[in-house]
Amino acid sequence: MKRFAVFVSGSGSNLQVLIDAVNMGEIDGKICAVIASKPDIFALERAEKADIPAYVFERKDYQSASEMYGEIGTLLEGLSADFIVLAGYLSILTPNIVDRFRDKIINIHPSLIPLHCGSGFYGRKVHESVLLSGDEFSGATVHFVDEGTDTGRIIRRRRVKVREGDTPDSLAARVQRAEHKLLTLVVAAMCGDRIVECGGKVRIKCKPKYGEGAIK
Ligand code: GRF
């Protein structure tokens, strides 16, 4: 069974969805650690309630970000983590951890990458940008993490229609529901080794019950 760590910086609704999916058997994996970028966030209460070991790593306690991520990497290797999920984690990873967990770190972003992403696009700002642009669709993206900001290979996106009269909050609420479904799907696929490269693209293989090896 795969073991994964979830990195958080906020309320942790995505973390909660993963906890629930593991408990329901929708994800055949174990959350071996929650890594938080600050101590006073609701995500840590969720981890505690679910009895998941949680660790706070604050940048201010280290000489450099690389040093901090070096320690996090060592901790996660000690816990035999197979992969990392960034679920609302607002700090930028340094190259040493990206390299150590190459193709084993995924991130969820609340827009259709490559739109409305990159440096400065987080939280409400993403949805404000979508509404200003007049785009017909927003959505959510799960991608591998590389050295850039939101530049790694896309694993899967899920569209959300922008409605007339949408506000950043109303759009955010629908995108969040899409994120929860998308993240569950991708993490379940990571746990089942069902993410494959196919014709230069990243694809998710269906669960065997839909036909062994079928590509969705
Ligand atoms: C999500 O929208 C995620 O895409 C973004 O930060 C938000 C985190 O929400 N990176 P939560 O903490 O999981 O509720």
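Readers should treat all values here as calculations from the given coordinates under stated rules, not as data from a laboratory. This structure is a prediction, so every number in the text was calculated from the model and none was measured. Neighbour counts run over all protein chains shown; Cβ positions are idealised from the backbone, glycine included.
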Item checked: Hypothetical label at Asn96: residues of the range 50-67 whose amide nitrogen lies under 17 Å (7 Å Cα-Cβ projection) -> 57-67
Checklist line | Surrounding net charge for Ala81, when Lys and Arg each add one and Asp and Glu each subtract one, Cβ distance under 12 Å | finding: +3
Next item on the list: As a check on your grasp of the helix formula, calculate [θ] at 222 nm for the chain: sum -39500 (n - 2.57) over DSSP H runs of n ≥ 4, divide by the residue count, round to the nearest 500.
Entry: -10500 deg cm²/dmol
Item checked: Around Val145: net Lys/Arg minus Asp/Glu count, Cβ-Cβ under 14 Å -> -1
Check: Dipole of the chain, Cα-centred, from +1 at each Lys and Arg C-beta and -1 at each Asp and Glu C-beta, to the nearest 20 debye?
Finding: 840 debye
Checklist line | Nonlocal amide H pairs with Ile105, under 5 Å, H built at 1.01 Å | finding: Ile84, Val145
Item checked: Cα shape, the chain, gyration tensor, a/c 1.5 rule -> rounded
Check: Quick one: Cα centre-to-centre distance for the range 79-144 and the range 27-76, in angstrom?
Finding: 18 Å
Notebook entry, point to check: Between Ile113, Cys32, Phe101, whose Cα lies farthest towards the positive end of the dipole of the chain when Lys and Arg beta carbons carry +1 and Asp and Glu beta carbons carry -1, centred on the Cα centre?
Noted result: Ile113
Item checked: Label-point gap, in nm, between Lys181 and Tyr62 - each point 7 angstrom along Cα→Cβ -> 3.7 nm
Checklist line | Net dipole in debye of the range 1-122 [+1 Lys, Arg Cβ; -1 Asp, Glu Cβ; about Cα centre; nearest 20] | finding: 180 debye
Check: Picking from Ser11, Ser138, Ser170, which is most flexible by a Gaussian network model of the chain using Cα springs under 10 Å?
Finding: Ser170
Check: Farthest toward the dipole's positive end in the range 1-129, which of Phe83, Ala65, Ala5, given Cβ charges of +1 (Lys, Arg) and -1 (Asp, Glu) about the Cα centre?
Finding: Ala65
